Each structure stands twice: as C-alpha cells, then as structure tokens.
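K.L.:
Handing you a structure now.
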Amino acid sequence: MREEGARRTRHAIVVAATRLFEQQGYGPTSLAQVATAAGVSRPTVTTVFGSKPALLSAVLDEALAGDDEPVPVAERPWFRPVWDADSPEGVVAAYAEVCTVIGRRAGRLFEVVRRASDAGPEVAELWERTQRNRRAGAQMVVDQVRKVAGSRSRRASDGRTVDAIWFFNDPVHYDTLVHECGWREKDFTTWLAAMMTDAVRRD
C-alpha cells in the first residue's frame, strides 16, 4: 500500500508538472506551483524528484514512453509494428505511426526543453540527450529498412538518410502542424510517412 501511494503521488506530480511546463514554460514554473497543483507539499516534490531539472527529465521520459515503467521505447507494444513490417515502406509507415504517438504526447514538451536548454547544464544535457536518442532511433529505423530490403552492409549514403529521418522524427513537427496549423492527425501521419519514405528511396 505504501508503494502504491508513492506511485500515485509521483504520478500526480508528473501530471501537474506536465500541464504547468506546457502552459507556462520551464523557467516560470516553480516546484511550489507544481506541488500546489499536485496537492502535495513542496518538500514532497523535492524528495521524489530531487530538483527541477530532474522533474523535467522525468516528465519528458514519461511522455515519450507513455508511463513510468522502465521499458525502452523500441520494446513497447506500440513500436512492435516497426519490427514486424515486411517491406521498407511498411517499416517507414509503422515508424510514422510511432512518431505520431510520441508527438501527441511529447511535442509541446520537446519545445519546452529546447527553449530551456540554456537554463543550466542539467537541462542542456537533457536536450542533448533527446537529440542523441532521436538520432539513434533514426539509425535504428534505417538499419531495419536495410534489413528488410535484404541489404547486409551499410552504404555511404546511409548517413544522409539517417539525417533525414532524424529531421522528420522531431515531435515538434506534430505540435506545429497538428496543434498550430490544425492538421488532422491522420493527415499528419500520412504526410510524415511520405516524407520519410522519399528519404529512404533516395538512398
């Protein structure tokens, strides 16, 4: 019961922090505000997360994964279609769906982290980590495309293909086109799949 209570408290803090970070940005949001919104004390927030940068990191990680379970994104059930696809186009289409899921949950938070990246070394490192992880994801998808296509060795042009997929897998694209421009989510996914498919075909 104690463990379940601690998990509920953590979840309440993450939900409150997510809302405040998205609405106000990182700088203007204080741990005291998060505590009030979560219905807990300010020391509780510090005890659970340690610091404001650590809280932002936890918020972003949970948005990316969908929960607080220690399971990598690539091992999540909703990522499975990328591994199950039997054609390069199928891999890319499945990955476009993954990017849509991530964009829906984390698009605005990515922009929050980007804008806050000069707030201190911890947030700067968080931003750099998100960039590295996105690029690793792009490399993973390009490798899977090559595997499904029957290519056993990487080509010199693979690096540029990874660059393109890394560009398109940015969750901020979802936030811009869906939230700011009013695109339907289905249209965004279709567009994203087309852009990434074109990048792969150019390889």
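K.L.:
When you scan the stretch 165-178, do you find a residue that is in contact with a helix residue (DSSP H, G or I) (Cβ under 8 Å, 6 or more places away or on another chain), open to solvent by 50 Å² or more (accessible area, probe 1.4 Å) and charged (D, E, K, R), even just one?
P.N.:
no
K.L.:
Moving on. Please go through the stretch 114-129 and pick out each residue that is free of Cβ contacts under 8 Å to residues at least 24 places away in the same chain, part of a helix (DSSP H, G or I) and either within 23 Å of Asp68 (Cα to Cα) or touching a helix residue (DSSP H, G or I) at 6+ places or on another chain (Cβ under 8 Å) (or both). Write out each step before concluding.
P.N.:
Of all residues in the stretch 114-129, those free of Cβ contacts under 8 Å to residues at least 24 places away in the same chain come to 117-118, 121, 124-125, 127-129.
Imposing the further condition that a residue be part of a helix (DSSP H, G or I) reduces the set to 121, 124-125, 127-129.
Matches in the stretch 114-129: Ala124, Glu125, Trp127, Glu128, Arg129.
K.L.:
How many residues does the stretch 130-150 hold that are touching a helix residue (DSSP H, G or I) at 6+ places or on another chain (Cβ under 7 Å) and either over 15 Å from Ile165 (Cα atoms) or among the hydroxyl-bearing types (Ser, Thr, Tyr) (or both)? Break it down into steps so the answer makes sense when it comes.
P.N.:
Of the stretch 130-150, the ones touching a helix residue (DSSP H, G or I) at 6+ places or on another chain (Cβ under 7 Å) are 130, 134-135, 138-142, 144-145, 148-149.
Still in the list and also either over 15 Å from Ile165 (Cα atoms) or among the hydroxyl-bearing types (Ser, Thr, Tyr) (or both): 130, 148-149.
The qualifying residues number 3.
K.L.:
Out of (1) within 22 Å of Gly107 (Cα to Cα); (2) surrounded by fewer than 17 Cβ atoms within 10 Å (Cβ to Cβ), what's the single condition that is false for Leu20?
P.N.:
It fails just one condition, (2).
K.L.:
Let me ask something else. Please work out if Glu111 is part of a helix (DSSP H, G or I), of a type in the set (D, E, K, R) and open to solvent by less than 40 Å² (accessible area, probe 1.4 Å). Quick ask: steps written out before the conclusion?
P.N.:
Values: part of a helix (DSSP H, G or I): yes; of a type in the set (D, E, K, R): yes; open to solvent by less than 40 Å² (accessible area, probe 1.4 Å): yes.
For Glu111, the condition - part of a helix (DSSP H, G or I), of a type in the set (D, E, K, R) and open to solvent by less than 40 Å² (accessible area, probe 1.4 Å) - is met.
K.L.:
Okay, next question. Kindly indicate whether Gly66 is touching a helix residue (DSSP H, G or I) at 6+ places or on another chain (Cβ under 9 Å), modelled with pLDDT under 95 and farther than 24 Å from Gly120 by Cβ.
P.N.:
Details: touching a helix residue (DSSP H, G or I) at 6+ places or on another chain (Cβ under 9 Å): yes; modelled with pLDDT under 95: yes; farther than 24 Å from Gly120 by Cβ: yes.
Judged against the criteria, Gly66 is a match.
K.L.:
Would you check which residues across the stretch 37-50 are surrounded by fewer than 15 Cβ atoms within 10 Å (Cβ to Cβ) and hydroxyl-bearing (Ser, Thr, Tyr) and list them?
P.N.:
Ser41, Thr47
K.L.:
Somewhere in the stretch 137-153, is a residue closer than 16 Å to Phe79 by Cα, touching a Pro at 6+ places or on another chain (Cβ under 7 Å) and open to solvent by less than 30 Å² (accessible area, probe 1.4 Å)?
P.N.:
Among the residues of the stretch 137-153, at least one is closer than 16 Å to Phe79 by Cα, touching a Pro at 6+ places or on another chain (Cβ under 7 Å) and open to solvent by less than 30 Å² (accessible area, probe 1.4 Å), which makes the answer yes.
K.L.:
So which pairs qualify, if the first residue must be in the stretch 157-185 and free of Cβ contacts under 8 Å to residues at least 60 places away in the same chain and within 10 Å of Ala138 (Cα to Cα), the second must be open to solvent by 30 Å² or more (accessible area, probe 1.4 Å) and assigned to a loop (DSSP other than H, G, I, E, B), the Cβ gap must be under 6 Å, and the two must be at least 6 apart or on different chains?
P.N.:
Qualifying pairs under 6 Å: Thr161/Asp203.
The values are calculated or read from the model by the stated rules, or taken from the named source; none is laboratory data. Note that the structure is predicted; figures quoted are calculated from it, not measured. Every residue, glycine as well, gets a Cβ built from its backbone with ideal geometry; the counts of neighbours run over all protein chains shown. Keep in mind that these areas ignore ligands, DNA and RNA; they rest on the heavy atoms of the full protein, side chains included. Shrake-Rupley method; radii C 1.70, N 1.55, O 1.52, S 1.80 Å.
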